[in-house]
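For reference, the structure is listed below as structure tokens.
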Amino acid sequence: MYGVYLVDDEKMVVDNLITSIPWLENGFEVVGFSTDPISAVAEITAKRPDVVFCDLKMPGCDGIELIKRVRENSVDTEFIMLSAFGEFETTRDFFRLGGIDYILKPLEQENAGLVLEKISRKIVGKDNKTPSVQFVPSQYKGFDDLITYVTDNFNKKHTLNDLSERFNLSATYICDLFAKHYGSTLIIFVTNLRMSQAARLMFESETPLKEIAVHCGYSDYYYFCKVFKEYFGKTPSEYREAGG
């Protein structure tokens, strides 16, 4: 499980982040939060979370200054910036300091999920783990059944709570087993399955892209395109035209 720390001077924004983002499904656990950026620097230095979600504009110490101070303390953490529409385009310092991505406020759950998946893949890469869609016998009967079920139903929506009830395993335990046996998370595992199937259908058939999206579990074609481009570096149409 990867640790995440939240910083925003508005408590309502912090509460919304905690409750509305599927942290556990993406392999994350909120290990701390603060509405005071100055005290947040000390806590981040002490806790050393894997990723920090930080507001761009805060009184006393903005997000850019917070990143600089954390970096000065030799904390190897990734940063996701939170910003209101129109603010983020005014600065490039965030990316110069090694920031990964940003989320616009007000929060959109789908976009937040996409950013979380992106950061998960980067952290997994740092840990020298390779996410896989292949079945790995785990000797954990319930988990093996869970993997078979998710693989056979990759185009359906899966939540840790649903899987926990179906297979009588705790949500945290499921996350730990995904990390142990696949170096992955539930979301990454399902996305790998969906993207592999989407690519196969593009090569082996002339099925329209919108139908492929639905077949792979994406009712929103535009969101499918976002996920696909993040995964392959090309839009679905570019990928099909280029032959991969």
> If you go through segment 41-49 one residue at a time, do you hit one that is under 10 Å from VAL7 (Cβ atoms), within 24 Å of the chain's Cα centre (by Cα) and part of a loop (DSSP other than H, G, I, E, B)?
Replying inline: no
>> For the condition surrounded by fewer than 17 Cβ atoms within 10 Å (Cβ to Cβ) and in the same structural domain as PHE79 (by TED's automatic domain parsing), what is the one hit in THR45, THR35?
In response: THR45
>> Condition check: among the acidic types (Asp, Glu), closer than 26 Å to ALA171 by Cβ, in contact (Cβ under 8 Å) with a residue 24 or more places away in the chain and in a strand (DSSP E or B). Does GLU29 satisfy that?
In response: yes
>> So if I check each of SER164, SER184, which one is buried (at least 16 other Cβ atoms within 10 Å of the Cβ) and free of Cβ contacts under 8 Å to residues at least 24 places away in the same chain?
In response: SER164
>> Scan segment 218-234 and tell me whether some residue there is outside any helix (DSSP H, G or I) and among the small types (Gly, Ala, Ser).
In response: yes
> Out of (1) within 21 Å of SER120 (Cα to Cα); (2) buried (at least 20 other Cβ atoms within 10 Å of the Cβ); (3) not polar (S, T, N, Q), the odd one out for LEU66 is which?
Replying inline: (1)
> Regarding THR207, is this residue more than 24 Å from the chain's Cα centre (by Cα), surrounded by fewer than 18 Cβ atoms within 10 Å (Cβ to Cβ) and of a type in the set (Val, Ile, Thr)?
Replying inline: yes
>> Can you confirm whether ILE80 is within 26 Å of TYR231 (Cβ to Cβ), among the hydrophobic types (A, V, I, L, M, F, W, C), crowded, with 21+ Cβ neighbours inside 10 Å and outside the structural domain of CYS175 (by TED's automatic domain parsing)?
In response: yes
>> Exactly one condition in (1) among the hydrophobic types (A, V, I, L, M, F, W, C); (2) outside any strand (DSSP E or B); (3) touching a residue at least 40 places away in the same chain (Cβ under 8 Å) is false for PHE53; which is it?
In response: (2)
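Every residue, every condition in (1) touching a strand residue (DSSP E or B) at 6+ places or on another chain (Cβ under 6 Å); (2) more than 14 Å from SER120 (Cα to Cα), yes or no:
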| site | (1), (2) |
| --- | --- |
| GLU10 | no, yes |
| ASN26 | no, no |
| THR35 | no, yes |
| CYS54 | yes, yes |
| MET58 | no, yes |
>> Residues that are modelled with pLDDT under 90 and either within 27 Å of THR19 (Cβ to Cβ) or not assigned by TED's automatic domain parsing to the domain that holds TRP23 (or both), at least 1 per element: which helices (runs of 4 or more DSSP H) completely within segment 94-210 meet that?
In response: 109-126, 141-152, 171-182
> Of ASP152, ASP176, which residue is without any contact (Cβ under 8 Å) to a residue 40 or more places away in the chain and either basic (Lys, Arg) or surrounded by fewer than 19 Cβ atoms within 10 Å (Cβ to Cβ) (or both)?
Replying inline: ASP152
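The values are calculated or read from the model by the stated rules, or taken from the named source; none is laboratory data. Treat the numbers as computed from the prediction; the structure is a model and nothing was measured. Neighbour counts run over all protein chains shown; Cβ positions are idealised from the backbone, glycine included.
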